Amino acid sequence: MSSVELQKRVLSGMRPTGKLHLGHYHGVLKNWVELQHDYECFFFVADWHALTTHYENPYQIEQSVWDMMIDWLAAGVNPSSATMFVQSHVPEHAELHLLLSMMTPLGWLERVPTYKDQQDKLKEKDLATYGFLGYPLLQSADILVYRAGQVPVGADQVAHVELTREVARRFNHLYGKDPGFEEQAEAAITKMGKKNARLYRNLLKKFQEQGEDEALETARALIKDQQNISLGDRERLFGFIEGGGKVILPEPQALLTPSPKMPGLDGQKMSKSYNNTIGLREAPDEVAQKIKTMQTDPQRVRLTDSGDPEKCPVWKLHEVYSDSQRKKWVQEGCMSAGIGCLECKKPLIDAVLEEQKPIIERAKQYEENPELVRSIVSEGTERARDAARATLEEVRQVMGLSFGG
Ligand code: TRP
Ligand code: SF4
C-alpha cells in the first residue's frame, strides 16, 4: 500500500477496564463509528497495556476484553467496515516493540508526561517496572505496525503519538537509506518541474531546519498532486522530507476527538473512579433510578424555592441531551420555581433511554451468542496480522534480520 493510502488508515485502542459507560460512548465510540465510514479502521483491545498497570491482579482482563467487544459492536462499530481485534493475538506488536526498543533513547520514555503523572496518581501500585516505562513505546509499536496515518486519542494521549512520530523519524533515518538514495531523490525532485521543485526544496528546508509541521503537510500535498512521477519516486520524495530515507514507518497524526466532556451523575467528568457513571448497556429501570436520585441544586430544598441550573449536575446533562427549546424550559422553570426537579429530570431520563435503546438491542444478539463475537474477533485478527506481518517483514529486513527462511 502506498503512503498516500496509508494516510487514510486509522488505528486506535482501548484498555480493557470493564464495561463501558456513556462517557466512553460520547467521548470515543461515537467518533469511531463516524470514522469507519471514511477511513480504513483498526480498533483493538489493549490487553497488554492493561497488564502494565494491573500485572498483580490480571483476572478481570479477559472478561473485560469480551465485554468491551460487545460494547463496541453495540455502539455501532461495524465489523464489516472496521477491523476489530485483541492486541495479544497479534504478536507482531510485541516483536516491533522489542525492535524499536533497541533504538529508542531512554530519555524519550522518561520524559513522557504520563510516566511520572501516573506513578504519582497510582501510588498504591509499584510502577517502577520495565513494562510501565516502556508502555508508550508499546503504543508506538501498536500504531507503527499498521503504518496508520491517523490516531484518534484524547488529549492525555497526544504525547504518546508525538513520541511515535519521533521514533518513526529516527527509525527511517537509521534504516531507510538505500545506497544511492539521495541521488535518486534529487532526480525525482527535478522531474517535478522547475516551479514545483523549488517549492518542494523550500518546504523541505522549513521542515528540516525550523521543524515546521505545516511545511511537511504542504509538501506532502504537493507530492500527492504530481501527475507525472512514478510511484517509486513519490515514495522517495515522501521519505526525503521526513529524514532523508525511504519511509518504512510513516509518522502518524493524532486525531483529537472534539467532544465536550461528558458529565457524570455528580457533575464531575463521568469516570469509573468517581463512581458516577451510567453504563452503556445498563438496565432502563436502573438508569431511571440513578437519574431520579441525582443531586440537584442544594439551595433548592422545597418545590417553591427557585434554583440555579449552574449549580446543578442535572443541568449539565441537559446540555448534552436537550435542544435549545428544552434548555430554555429548564432554565426558566428552575429559576422561577415553575417546575419541580423530578419534572426536570423526566425528559432527561427519556433521552438517555432513547439513546441506549438501539445499543441494548444490538448487544442482545452478541450477548446471546458469544461464538459470534469470537468469530468477528478472529476474522479481525487475521486481517490485522496480515497487515502487521507485512510491516515486520520489511522491518526485519532493514534491521539485518531476514535470513530468507
Ligand atoms: N494507551 C491508550 C489508553 O490508555 C490505549 C492505547 C494503546 C492506544 N495503544 C494505542 C490508543 C494505540 C491509540 C493507539 O487509552
Ligand atoms: Fe436542577 Fe432541574 Fe432541579 Fe433546577 S429544576 S435544580 S436544573 S434538577
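Name the residues in segment 32-47 that are of a type outside the set (S, T, N, Q) and free of Cβ contacts under 8 Å to residues at least 60 places away in the same chain, would you?
Listed by number, the residues that qualify are Val33, Glu34, His37, Asp38, Glu40, Cys41, Phe43, Val45, Asp47.
Can you run down the residue pairs with Cβ atoms below 6 Å, 6 or more apart or on separate chains, where the first is in segment 308-323 and within 7 Å of ligand 2 (Cβ to nearest atom) and the partner is aromatic (Phe, Trp, Tyr)?
The qualifying pairs are Pro309/Trp315.
Which residue is nearest to Arg147 (Cα to Cα), if the candidates are limited to segment 90-110 and must be in contact with a Gly (Cβ under 9 Å, 6 or more places away or on another chain) and not polar (S, T, N, Q)?
Result: His97.
Of the conditions (1) in contact with a Phe, Trp or Tyr (Cβ under 8 Å, 6 or more places away or on another chain); (2) basic (Lys, Arg); (3) free of Cβ contacts under 8 Å to residues at least 40 places away in the same chain, Lys246 clears all except one; give me its number.
Status for Lys246: all satisfied but (3).
Kindly indicate whether any position in segment 132-152 is free of Cβ contacts under 8 Å to residues at least 12 places away in the same chain and open to solvent by less than 50 Å² (accessible area, probe 1.4 Å).
No; the residues of segment 132-152 include none that is free of Cβ contacts under 8 Å to residues at least 12 places away in the same chain and open to solvent by less than 50 Å² (accessible area, probe 1.4 Å).
Residue under question is Pro79, and the condition is that it be closer than 28 Å to Lys364 by Cβ, modelled with pLDDT of 95 or more, open to solvent by less than 60 Å² (accessible area, probe 1.4 Å) and not basic (Lys, Arg); does it hold?
Judged against the criteria, Pro79 is a match.
Against the condition of a type outside the set (Ser, Thr, Tyr), within 14 Å of ligand 1 (Cβ to nearest atom), open to solvent by less than 60 Å² (accessible area, probe 1.4 Å) and assigned by TED's automatic domain parsing to the domain that holds Leu256, how does His54 come out, does it pass?
No, not satisfied.
Right, Val301: closer than 20 Å to Lys30 by Cβ and either at pLDDT below 95 or more than 10 Å from ligand 2 (Cβ to nearest atom) (or both) or not?
The answer is no for Val301.
The values are calculated or read from the model by the stated rules, or taken from the named source; none is laboratory data. The structure presented is a predicted model; accordingly, all values stated were derived computationally and were not measured. Please note: Cβ atoms are built from the backbone with ideal geometry, for glycine as well, and neighbour counts cover all protein chains shown. Side chains are part of the model used for accessible areas, which takes the heavy atoms of the whole protein and leaves out ligands, DNA and RNA. Shrake-Rupley method; radii C 1.70, N 1.55, O 1.52, S 1.80 Å.
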